[in-house]
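Undergrad: Input: one structure, supplied below.
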Amino acid sequence: MRKKIDILCHALHGAIAGFTTSILDWLGLAIATFMFIQFTLYETVEQTKVQDELYRELKEWSSGYVVGLIAGLTLKHTLNF
């Protein structure tokens, strides 16, 4: 049974990566890439042990990434930095 806190954590991890990408330019992209690889490896190992739904967890992370990216770009554009 999937818990709402798990879904929130996946989306929040993605949102942090997206926000970091938009604010820190190339360094943020490197950090977000590391976060994505780390998340994917963790979920892949978890998939092999628990047999949960990897594709849903990646979709939650990706949705959070898009939200974080949009929020960061909006903030960056609004504050002109």
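The values are calculated or read from the model by the stated rules, or taken from the named source; none is laboratory data. Since the model is a prediction, treat every value here as computed from it, not as a measurement. As a convention, Cβ positions derive from the backbone with ideal geometry for all residues, glycine included, and neighbour counts pool all protein chains shown.
Undergrad: Condition first: among the aromatic types (F, W, Y) and in contact (Cβ under 8 Å) with a residue 24 or more places away in the chain. Now tell me which residues in the stretch 24-42 satisfy that.
TA: F36, F39
Undergrad: Can you give me the number of residues within the stretch 19-69 that are basic (K, R) and at pLDDT 90 or above?
TA: Matching residues across the stretch 19-69 total 2.
Undergrad: Any chance you could count how many residues in the stretch 43-58 are in contact (Cβ under 8 Å) with a residue 12 or more places away in the chain and touching a Ser or Thr at 6+ places or on another chain (Cβ under 8 Å)?
TA: Looking only at that region, the number is 1.
For every residue, the table says whether it meets (1) in contact with a Ser or Thr (Cβ under 8 Å, 6 or more places away or on another chain); (2) part of a helix (DSSP H, G or I); (3) among the aromatic types (F, W, Y); (4) surrounded by 11 or more Cβ atoms within 10 Å (Cβ to Cβ).
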{"site": "H10", "(1), (2), (3), (4)": "no, yes, no, yes"}
{"site": "A17", "(1), (2), (3), (4)": "no, yes, no, yes"}
{"site": "L24", "(1), (2), (3), (4)": "no, yes, no, yes"}
{"site": "G28", "(1), (2), (3), (4)": "yes, yes, no, yes"}
{"site": "F34", "(1), (2), (3), (4)": "no, yes, yes, yes"}
{"site": "L41", "(1), (2), (3), (4)": "no, yes, no, no"}
{"site": "S62", "(1), (2), (3), (4)": "no, yes, no, yes"}
{"site": "G68", "(1), (2), (3), (4)": "yes, yes, no, yes"}
{"site": "G72", "(1), (2), (3), (4)": "yes, yes, no, yes"}
